[in-house]
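Computed from the coordinates by the stated procedures, all read-outs in this text should not be read as laboratory data. None of the values given here were measured: they were computed from a predicted structure. Using ideal geometry, Cβ is built from the backbone for each residue, glycine included, and neighbour counts are taken over all protein chains shown.
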Amino acid sequence: MGQVLRRENVAKFVENLHRSGKTVVVTNGCFDILHVGHVRYLQKTKTFADYLIVLLNSDKSVRAIKGENRPINNENDRAEILCALSCVDYVVMFDETSPRNLLDEIKPDVYTKGADYTMETLPEADIMRKNGTRVEFIEFVEGKSTTGIINKVNSEQ
């Protein structure tokens, strides 16, 4: 079972993992209403390294990105659900709308994003290049999204 790490401790934690010869893959997101697309994405992400750290947008961050009606599930619930997945080793919450600073601090071996991005459109591309982090783009599961679930629930009311 995964565990939540404090943001201020994660860079040193990853440094210690690297020192012991372990590799780290990082991804980020809101993971508001967990669905099969999320699970497959996280399972695939885990295949790239020894440890998977999910950078989780805090409630404040989700509201800034998605609007006042989000998140549906609060940050502590979302973190606990992610930690319950066997593929997730650690979760770190962040308040910014982008994980750029945290990624620069952590310096993961691999970073994953959805295949709707490319290196040309990835906002963190400069940090990945600077730190020598490999980027893997993962295909989405067609028709599976939190927004789609919310829209379906709202249309059935």
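Miscellaneous remarks
- Scattering from region 3-155 was approximated by placing one identical point on each alpha carbon and applying the Debye formula without solvent; log10 I(q)/I(0) at 0.17 1/Å stands at -0.99.
- CD proxy at 222 nm, helix term only [per DSSP H run n ≥ 4: -39500 (n - 2.57); per residue of the chain; nearest 500]: -12000 deg cm²/dmol
- In sequence order, calculated HN-Hα J values of region 108-113 (Karplus, 6.51, -1.76, 1.60; Hz; x Gly/Pro): x, 6, 9, 10, 10, 9
- GNM flexibility winner over the chain from Val54, Val91, Val110 (Cα, springs under 10 Å): Val110
- Where Cα atoms sit under 23 Å apart: lysine pairs in region 1-98 separated by 8 or more or lying on different chains: 4
- For Lys60, net neighbour charge (Lys/Arg +1, Asp/Glu -1) across residues whose Cβ lies under 14 Å away: -1
- Amide H within-cut-off set for Tyr111, under 5 Å, with H built and near neighbours excluded: Val26, Arg134, Val135, Glu136
- Estimated vicinal HN-Hα couplings, Hz - region 19-26 in sequence order (Karplus 6.51, -1.76, 1.60; Gly, Pro = x): 4, 8, x, 8, 10, 10, 10, 10
- Once the Cα atoms are used to define both axes, helix 36-46 deviates from the longest principal axis of the chain by about 0 degrees.
- Virtual paramagnetic centre 7 Å along Cα→Cβ of Val141, amide N under 11 Å, in region 26-42: 34-42
- Contact order normalised by residue count of region 1-96, Cα under 8 Å, 6+ apart, percent: 42
- The string of couplings for region 51-67 from the Karplus curve (6.51, -1.76, 1.60, θ = phi - 60°) is 10, 10, 10, 9, 8, 9, 4, 5, 4, 4, 5, 4, 4, 5, 8, 9, x Hz, one whole number per residue in order, with x for Gly and Pro.
- Highest-MSF residue in the chain out of Glu120, Glu105, Glu96 [GNM, Cα springs under 10 Å]: Glu120
- Rounded to 0.05, the FRET efficiency of the Asn69 and Glu156 pair, given R0 = 22 Å and the Cβ-Cβ distance, is 0.85.
- Most mobile listed residue (Ala115, Ala125, Ala64) in the chain, GNM with C-alpha springs under 10 Å: Ala115
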